[in-house]
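Data block below; observations after.
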Amino acid sequence: MNTPDLPLAPSGGCGDGCACGAETDEDAYLECGLDPALAALLLDSGLDPVEVEDIANLAIQEDLAGGVDVTTVATIPEDAVATADFTAREAGTVAGLRVAEAVLSVVCTDEFEVERHVEDGDRVEPGQKLLSVTTRTRDVLTAERSALNLLCRMSGIATATRAWADVLQGTKAAVRDTRKTTPGLRGLEKFAVRCGGGVNHRMSLSDAALVKDNHVVAAGGVAQAFEAVRERFPEVPIEVEVDTLHQLREVLDAGADLILLDNFTPSECEEAVALVAGRAALEASGRLTLANAKAYADTGVDYLAVGALTHSAPILDIGLDLRAAE
């Protein structure tokens, strides 16, 4: 659902005493917080404002490489101000608008104003304005590529996820991501999955256990691996990957409450659902495509694990355009 044009919201700039870019303390730039209102919006969305700020800083530092934007500094007067629009070039689902604002907040030396036309998770059409910003022209052009890199990447993931979520409508199954994420961007990419209607698997190796084939080999069996994790970490959720119905019976008898069916066919998933009879949640993984997703969901499994949501999603084409002078 698209939102109507929202009023201009002041953002950016830093409070008194901020040491952004101070030559006397290189670390002060990284320690400077985002605008409190923007940080609150990120937090409400389930994103860590400090993590987002760190990513924004790293992106800009990589782009500037310790220097300045030579093209922009040479062609744009220092005191020039402009309004620019982030605009969808193709249809999709948007994610990462507040992250783009965070990049602007890191770059802009003065306060800037944003006009929010849509929200994360909205479906958008070609030519639709997503976000407008008014600030120093030099600043917005310096921030442009870093902001778009993150926004296009996240929106691409949200768009890919939405395609799966749409196919699964009317079934009990939900599409779920994996840990096949871009190093350093896991929080943002999993947020984008949520924007697209998917659900998140574990965020890290420490917040849930997933017993896979190599653990089974090392432990001497699938039931033994499950029991070892349960004994060592009794409070941690445990998912167990199985390759056969025989292994499924083993871990079910051992007390597993979440089981990953690896490379099962739809008919095998249907057998597994009947065998489990509601005693554990089931997740299908492998062999999954948009074309067969509904067939897998109709078997009664609870989740479809799709690593491609994050490791193979194409970007959503979004551009930034300066408005012509009136």
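The values are calculated or read from the model by the stated rules, or taken from the named source; none is laboratory data. Values in this document were obtained by computation on a predicted structure and should not be read as measured data. All Cβ positions, even for glycine, are placed from backbone atoms using ideal geometry, and neighbour counts span all protein chains on display.
Some observations on this one:
- Options Glu227, Glu231, Glu235, Glu270; residue that is under 27 Å from Gln169 (Cα atoms) and either among the acidic types (Asp, Glu) or assigned to a loop (DSSP other than H, G, I, E, B) (or both): Glu270
- Residue in segment 26-48 that is assigned by TED's automatic domain parsing to the domain that holds Gly127, at pLDDT 95 or above and more than 19 Å from the chain's Cα centre (by Cα) present: no
- Checklist (1) out of contact with any His (no Cβ under 7 Å at 6 or more places or on another chain); (2) more than 17 Å from Ile60 (Cβ to Cβ); (3) among the charged types (D, E, K, R) applied to Lys129, failing item: (1)
- Residues satisfying the stated conditions in segment 119-138, i.e. touching a helix residue (DSSP H, G or I) at 6+ places or on another chain (Cβ under 9 Å) and under 16 Å from Asp321 (Cβ atoms): Val124, Leu130, Leu131, Val133, Thr134, Thr135, Thr137
- Considering only residues in segment 207-253 that are surrounded by fewer than 15 Cβ atoms within 10 Å (Cβ to Cβ) and of a type in the set (Asp, Glu), the one that is farthest from the chain's Cα centre (by Cα) turns out to be Asp253.
- Taking first residues from segment 208-226 that are touching a residue at least 24 places away in the same chain (Cβ under 8 Å) and partners that are surrounded by fewer than 16 Cβ atoms within 10 Å (Cβ to Cβ) and outside any helix (DSSP H, G or I), the Cβ contacts under 9 Å between residues at least 6 apart in sequence or on separate chains come to Ala208/Val236; Ala208/Pro237; Ala209/Phe233; Ala209/Val236; Ala209/Pro237; Leu210/Arg179; Phe226/Gly255.
- Some residue of segment 277-289 being assigned to a helix (DSSP H, G or I) and either surrounded by fewer than 23 Cβ atoms within 10 Å (Cβ to Cβ) or assigned by TED's automatic domain parsing to the domain that holds Arg153 (or both): no
- Restricting attention to segment 67-92 and to residues that are touching a strand residue (DSSP E or B) at 6+ places or on another chain (Cβ under 8 Å) and among the aliphatic types (A, V, I, L, M), the residue that is nearest to Leu104 (Cα to Cα) turns out to be Ala84.
- From the list Thr171, Thr181, the one residue that fits, being closer than 21 Å to His311 by Cα and either in a helix (DSSP H, G or I) or in contact (Cβ under 8 Å) with a residue 60 or more places away in the chain (or both), is Thr181.
Yes/no matrix, rows are residues, columns are (1) in contact (Cβ under 8 Å) with a residue 60 or more places away in the chain; (2) within 24 Å of the chain's Cα centre (by Cα); (3) outside any strand (DSSP E or B); (4) more than 18 Å from Gly319 (Cβ to Cβ):
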site	(1), (2), (3), (4)
Thr72	yes, no, yes, no
Ala82	yes, no, no, no
Phe86	yes, yes, no, no
Gly127	no, yes, yes, no
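- Residue in segment 100-120 that is closer than 19 Å to Leu309 by Cα and either crowded, with 24+ Cβ neighbours inside 10 Å or assigned by TED's automatic domain parsing to the domain that holds Leu38 (or both) present: yes
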